[in-house]
Amino acid sequence: MQHCAPTPTPEIDHAALKVKYLAERDKRLRPEGQAQYLATEDGFEDYYDADPYTPAAPRAPMSADIGVAVLGGGFAGLIVAARLKRAGVADCRIIELGGDFGGVWYWNRYPGIQVDTDSYCYLPLLEEVGYMPTEKYASGRECYEHAQRIGRHFGLYGDAILSTKVESLEWDAGLRRWRIGTNRGDDLRARFVVMAQGPFNKPKLPGVPGIGDFEGHMFHSARWDYAYTGGDMTGGMDRLADKRVAIIGTGATGIGVIPHLARAARHLYVFQRTPSYIDRRGNSRTDPDWVRTLKPGWQKERQRNFHTAAFEAFAPGQPDLVCDGWTEVSRNLQAHLDATDGWAAMADPKKFMELREIQDYRAMQRQRDRIDAIVEDPVTAEALKPYYRFLCKRPGFSDDYLPAFNRPNVTLVDVSGTKGVERITAKGLIARGDEHEVDCIVFASGFEITTDLDRRLGIAPFTGRDGLSLYDHWAGGYRTLHGLTSHGFPNLFWTGFIQGGVTASTTAMFEQQAAHIAYIVSEARTRGATAVEPTAEAQEGWCQTVRETAVDNTAFQRECTPGYYNSEGEQRIRSHLGEPYWPGFYAMEDVLQAWRDTGDLEGLVLDA
Ligand code: NAP
């Protein structure tokens, strides 16, 4: 791998930009916050339930006792199941809505889909399954195939329950099992349940008035309708040649899709409320010479290096192994400290944050200058510029996105001033008073990520011991031990962003959680227990630890333009990272390892 040089960034007027950032935020804030979005239950059930890739085959309801039911067959569920198998828990079964494993990579098949973070960090268990991604940023197909590879490698296909939606979860105290209700009328009784639904599982729709009136074709990007568009994940949507297409959404998905729609459609209208940060993609094939240099443990080392860039700061001389837009601010800060002999400032957290902020502003200015250099029409270029701090929104990466706006068949419709598309009619969309007639609307409008948990999960009832509703138990915030188990919910484990360590590679987080869950389940079994649950004291103790060690970054989030990262600017910010254990992901690893090392299962009760 080549040395990663700092990126030259321009001088900025920090104070003036700060004012501009706040004005741009205010332009977009909506009092309804997250309530502005429609759930699929609001008349769009098929946008979630229907599987266009593997239509669900009819089957008789099942009645079965299951050792461990893992709910979700994306990377989270696959990693948990793999770790359970390795820990000797053979009777675990994945239950999954889709017709195959893959999760987001199963559902999202839009043209241009590609992972946005370094594949060598992101794709899990590479060394274990003996696979090397073919590119630095693997295609969606390669990610999906990797999920299938993990499924095969660990023998997870045989007893998986696919094309099945979990609708209810109820603890049966008599049986000491979870009763799992599904859309197939099944009666599944699981001793243990692991929630592995992932953060991006459920699409949401923009709450634009009149959305139900449109008489043309509409679909969500997470259920791409190739029967309508033609083509496949690589593009070639020949059936759009005579179509006027609108897309709502310019987040990570929109960035992937828009260049392909621009090439294929007769005319493309991009309705943009907030511009994304768009850095170059700069993808590259995996270099076999580099692969030959890798030593066992290389993936974990790389993930840790990425974590340092994203959540901490590089030390003097520390290499930037990932070397892309995600790591730019840390890389440039390191170069600045070298050049100014300024490393002493790093001992003061406030000074560190100030220095980091300057690099952040400069990096964002580099993006805005890049837009001026690529986009020919100055009005369009200005509308495409992101005025907010790095990581206020999910950054995007594409070599084709900005040039698409130079095409004569592409119109950027800036709807920032009206806080979104004003209305959808039978024939098209109204923005700034003008109706744009279209044949098709693509919703690249994202997912239920930080909306209310019941809406996100779509599981009701969800009740633990004594009929305790999970939604009531967590109404005031998460309450768990280690972000994994909760009092009143025996034998139930969580993965994802709840109350644990967070890192730049989501899949590394799943691995950390999976190892701990597998340990507890196998220990409980070895000790002959049928139920395991944290005490109320242990749960409250962990909540207190999380609160006491928390770093308050709400000031940063409040200054951000609205989006799911800051609960659309709502007063109560619910982070997409949950309530992280701020001492860090690797500190969390130490906490969990030390806990396991004692062998005491401290804070858990068996067979209470
Ligand atoms: P998203 O980031 O939530 O973007 C939703 C888009 O819809 C935003 O541009 C939003 O505008 C727009 N929108 C919503 N309501 C609107 C309205 N009424 N009028 C006009 N525009 C409206 O969704 P996403 O792009 O699907 O991405 C979700 C997450 O999935 C990403 O952040 C990322 O974590 C993950 N993802 C990853 C990859 C990858 O790795 N390659 C690809 C895709 C997605 P505002 O910005 O103004 O709210």
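Counting Lys and Arg as +1 and Asp and Glu as -1, what is the net charge of the other residues whose Cβ lies under 12 Å from the Cβ of Ala518? Cβ neighbours under 12 Å give a net charge of +3. Based on Cα contacts under 8 Å between residues 6+ apart, segment 440-531 shows a relative contact order of 16 percent. Among the GluC sites (Glu not before Pro) in segment 295-374, those located in a DSSP loop and surrounded by at most 15 other Cβ atoms within 10 Å of their own Cβ are Glu312. According to the square roots a ≥ b ≥ c of the eigenvalues of the Cα gyration tensor, what is the shape class of segment 75-160, taking rounded for a/c under 1.5, prolate for a/b larger than b/c otherwise, and oblate for the remainder? It is oblate, given that a/c is not under 1.5 and a/b is not larger than b/c. Near Gly569, once Lys and Arg are set to +1 and Asp and Glu to -1 for all other residues with Cβ below 14 Å from its Cβ, the sum equals +4. Legend: calculated FRET efficiency, Tyr228 to Met132, from the Cβ-Cβ distance at R0 = 41 Å, rounded to 0.05, equals 0.70.
From the square roots a ≥ b ≥ c of the eigenvalues of the alpha-carbon gyration tensor of segment 401-451, which class results: rounded (a/c under 1.5), prolate (a/b over b/c), or oblate?
Oblate shape, in that a/c is at least 1.5 and b/c is the bigger or equal ratio.
When you filter the trypsin sites (Lys or Arg not before Pro) in segment 5-95 for DSSP loop state and at most 10 other Cβ atoms inside 10 Å of their Cβ, nothing is left. Solvent-accessible area assigned to carbon and sulfur over segment 480-607 amounts to 51 percent, based on a 1.4 Å probe. Using alpha carbons only, how many angstrom separate the centre of segment 298-338 from the centre of segment 219-234? Taking the Cα centre of segment 219-234 as reference, the centre of segment 298-338 is 37 Å away. Our summary gives segment 130-229 a relative contact order of 12 percent, counting only alpha carbon pairs under 8 angstrom and 6 or more residues apart. Hey, if you put +1 on the Cβ of every Lys and Arg and -1 on every Asp and Glu Cβ in the chain, which of Trp290, Leu17, Cys4 ends up farthest toward the positive end of that dipole? Result: Trp290, furthest along the dipole toward the positive end. Normalising the average separation of contacting C-alpha pairs (under 8 angstrom, six or more residues apart) by the number of residues puts the relative contact order of the chain at 20 percent. Distance from the Cα centroid of segment 400-418 to that of segment 197-217 is 21 Å (rounded to whole angstrom).
Leaving out ligands, DNA and RNA, and with a 1.4 Å probe, what % of the accessible surface on segment 378-444 is carbon or sulfur?
On segment 378-444, the fraction of accessible area on carbon and sulfur atoms equals 47 percent.
Shape class of the chain from the Cα gyration tensor (axes a ≥ b ≥ c, square roots of the eigenvalues): oblate, since a/c reaches 1.5 or more and a/b does not exceed b/c. Centre-to-centre separation between the Cα atoms of segment 6-44 and those of segment 527-606: 27 Å. The lysines within cross-link reach of Lys27, meaning a Cα-to-Cα straight distance under 23 Å and a gap of 8 or more places when in the same chain, are Lys18, Lys204, Lys385, Lys393, Lys419. Charges were assigned to the Cβ only: +1 to each Lys and Arg, -1 to each Asp and Glu. The resulting dipole of the chain about its Cα centre is roughly 440 debye.
Charge dipole of segment 168-317 (Cα centre as origin; +1 on each Lys and Arg Cβ, -1 on each Asp and Glu Cβ, all else neutral): 400 debye, rounded to the nearest 20. Using the Cβ of Asp279 as centre and a radius below 14 Å, the other residues enclosed give a net charge of +3, where K and R count +1 and D and E count -1.
The values are calculated or read from the model by the stated rules, or taken from the named source; none is laboratory data. All values reported here derive from a predicted model rather than from experimental measurement. Here the Cβ is made from the backbone with ideal geometry for all residues, glycine too, and neighbour counts use every protein chain on show. For accessibility, only protein heavy atoms count, side chains too; no ligands or nucleic acids. Shrake-Rupley method; radii C 1.70, N 1.55, O 1.52, S 1.80 Å.
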